[in-house]
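The values are calculated or read from the model by the stated rules, or taken from the named source; none is laboratory data. Predicted, not measured: the structure shown is a model, and the values here were computed from it. Neighbour counts are summed over all protein chains in view; Cβ atoms, including those assigned to glycine, are modelled from backbone coordinates with ideal geometry. Please note that ligands, DNA and RNA were not included when accessible areas were found on the heavy atoms of the full protein model with its side chains. Shrake-Rupley method; radii C 1.70, N 1.55, O 1.52, S 1.80 Å.
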2 protein chains.
Amino acid sequence: MTATKPTQPDALARTRERGHRTQAERRERTRTALLDATIDCLTELGYARTSVQEICARAGVSKGAQQHHFATKAELMAAAVEHLTNRIQAEILAASGDLPEGPELVEQGIDLIWQGFAGTLSAAVMELWVTARTDAELAAAIKPVDKALGRSTLELFQTLAPEMPQRTMETLYWLTVNLTRGLALDAQIGGDAARRNQLLTEWKRIALAVYRDDVT
Amino acid sequence: MTATKPTQPDALARTRERGHRTQAERRERTRTALLDATIDCLTELGYARTSVQEICARAGVSKGAQQHHFATKAELMAAAVEHLTNRIQAEILAASGDLPEGPELVEQGIDLIWQGFAGTLSAAVMELWVTARTDAELAAAIKPVDKALGRSTLELFQTLAPEMPQRTMETLYWLTVNLTRGLALDAQIGGDAARRNQLLTEWKRIALAVYRDDVT
DNA sequence: TGGAAAACATTCCATTCGGCATGTAAGTTC
DNA sequence: GAACTTACATGCCGAATGGAATGTTTTCCA
């Protein structure tokens, strides 16, 4: 390249035309790139095959940069837990906008929980969760975050159906969440989707009956 | 050692006093030792940290012997799946001896499923199951075996409660199994045991109501 | 505007992994 | 009891991993 304007340093020129990247911006950018790549790896490869090298490659970030932000792999995973939970919560909140009130909420709510707790992101959650069983550090990172997600989602429902007895709501909610997680496991190894849908339908019927009995 | 009887070879003498180990016996012994050690590793360390070296160490078996019986790690894992399923099935069958008939079967059956699908062995199942999501070979090994376990347990219940409509039985059974698996996940990372028991109690109540409605 | 600090990149290393090759001992068969 | 097969043991290798060390660029701030 023939430099015609020697007064301006080349680096600065590039900076100007591309726009100034503040440190906070750079930091945030590569951090989320790393965390998203981590979630990608977990969903596609599973925890056992997720290496920091692969994460860096997918994030388009050097190994040094990764170590700058997350000194150790465990630290990266712990951060990924929170990032992942935030994404799921956002997903749930976005889908909760058009929820009906009254009895219809039962059915729609079950669908919402299904989507939130058995969707694509939940595969990554499973990986981390199962790993956490034998990894105290990861478990410590997961427990509070997950509990918060569960409770906040429950509160969302309680707001939508104030007429419902709290006890009934809690029971139906947690039963649905745990059933969903079990079904999600089944789905992940290629269980019969038709039977899963049928079970979900039956459960809606049962839950609705419980709701009707308890609300009157 | 001062050999006083040169007529008999030393090796044979040892053989005689310890009893003759047939090839089939030796084979079976080290095989199950390896498979049990594999399950131990999965339970205690999780899949990611389970190495063949560790398995061999716990089984008290050399690496060569392991490779003789299971050429590859994947092969060992696939065999472990079957071994594990057999142990679970035996556990369930043993506990199913004193199951009542009639309505009480609902409660007791739920407890039985809980013990079978959320017991100690189920942690290893979870590890393999979650791993299978991103490991086609392992998934291929798990699917048929697990399906067989599920169906045979269902048939056990159907035998015990012939008066129950088949559709109702299937629904309650699979709902319970999946709920149990979800709760097992929760239990493994140290969720609140009291709430889990409460949910199980509520579910028994609901299931009993469903049974009563459908049986009349 | 010049130096400090933060962000990012490159290289290297000790360890561990799964698997292979080769060798020895025990059991089977004729 | 000798050939043969099966079971078991030891040592080694290339690949990959997580992490440390060190060097370079970009932004910040006084």
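For the subset of the stretch A:99-113 comprising residues that are open to solvent by 30 Å² or more (accessible area, probe 1.4 Å) and assigned to a helix (DSSP H, G or I), which member is farthest from DNA strand C (Cβ to nearest atom)?
A:GLU104
Would it be correct to say that B:ALA193 is open to solvent by 10 Å² or more (accessible area, probe 1.4 Å) and either assigned by TED's automatic domain parsing to the domain that holds B:GLN108 or more than 22 Å from the chain's Cα centre (by Cα) (or both)?
Considered against the rule, which asks whether it is open to solvent by 10 Å² or more (accessible area, probe 1.4 Å) and either assigned by TED's automatic domain parsing to the domain that holds B:GLN108 or more than 22 Å from the chain's Cα centre (by Cα) (or both), B:ALA193 comes out as yes.
Looking only at the stretch B:196-205, count every residue that is open to solvent by 10 Å² or more (accessible area, probe 1.4 Å) and farther than 22 Å from A:ARG133 by Cβ and tell me the total.
Total meeting the criteria: 5.
Restricting to the stretch B:85-98, name every residue that is surrounded by 17 or more Cβ atoms within 10 Å (Cβ to Cβ) and either within 16 Å of DNA strand C (Cβ to nearest atom) or over 24 Å from B:LEU138 (Cβ atoms) (or both).
Within the stretch B:85-98, just B:SER96 meets the criteria.
Does B:ASP186 meet the test of being within 24 Å of B:ALA74 (Cα to Cα), of a type in the set (Asp, Glu) and within 9 Å of chain A (Cβ to nearest Cβ)?
no
Of all residues in the stretch A:37-68, which are within 14 Å of another protein chain (Cβ to nearest Cβ), more than 8 Å from DNA strand D (Cβ to nearest atom) and not in a helix (DSSP H, G or I)?
Hits for the stretch A:37-68 are A:GLY46, A:TYR47, A:ALA48.
Could you please give the count of residues in the stretch A:65-84 that are open to solvent by less than 20 Å² (accessible area, probe 1.4 Å) and touching a residue at least 60 places away in the same chain (Cβ under 8 Å)?
Number of matching residues: 2.
Which numbered condition trips up B:ALA71, out of (1) in contact with a helix residue (DSSP H, G or I) (Cβ under 9 Å, 6 or more places away or on another chain); (2) in a loop (DSSP other than H, G, I, E, B); (3) away from every other protein chain (no Cβ under 14 Å)?
Unmet for B:ALA71, out of (1) in contact with a helix residue (DSSP H, G or I) (Cβ under 9 Å, 6 or more places away or on another chain); (2) in a loop (DSSP other than H, G, I, E, B); (3) away from every other protein chain (no Cβ under 14 Å): (1).
Whether any residue in the stretch B:18-36 is within 13 Å of DNA strand D (Cβ to nearest atom) and touching a Cys at 6+ places or on another chain (Cβ under 6 Å) is what I want to check.
Scanning the stretch B:18-36 turns up no residue that is within 13 Å of DNA strand D (Cβ to nearest atom) and touching a Cys at 6+ places or on another chain (Cβ under 6 Å).
Looking only at the stretch B:114-144, how many residues end up being among the small types (Gly, Ala, Ser), farther than 12 Å from A:LEU185 by Cβ, open to solvent by less than 50 Å² (accessible area, probe 1.4 Å) and within 12 Å of another protein chain (Cβ to nearest Cβ)?
Summing the residues that are among the small types (Gly, Ala, Ser), farther than 12 Å from A:LEU185 by Cβ, open to solvent by less than 50 Å² (accessible area, probe 1.4 Å) and within 12 Å of another protein chain (Cβ to nearest Cβ) in the stretch B:114-144 gives 5.
Suppose we keep only residues that are away from DNA strand C (no atom under 13 Å from the Cβ) and over 17 Å from the mean Cα position of the chain (by Cα) within the stretch B:40-84. Which one would you say is farthest from B:ILE142 (Cα to Cα)?
B:GLY60
Please find, among B:ASN197, B:ASN178, the residue that is within 7 Å of chain A (Cβ to nearest Cβ), among the polar types (S, T, N, Q), out of contact with any strand residue (DSSP E or B) (no Cβ under 7 Å at 6 or more places or on another chain) and more than 24 Å from B:ASP36 (Cβ to Cβ).
B:ASN178
Could you list all residues from the stretch B:165-188 that are among the β-branched types (Val, Ile, Thr) and crowded, with 18+ Cβ neighbours inside 10 Å?
Within the stretch B:165-188, B:THR171, B:THR176, B:VAL177, B:THR180 qualify.
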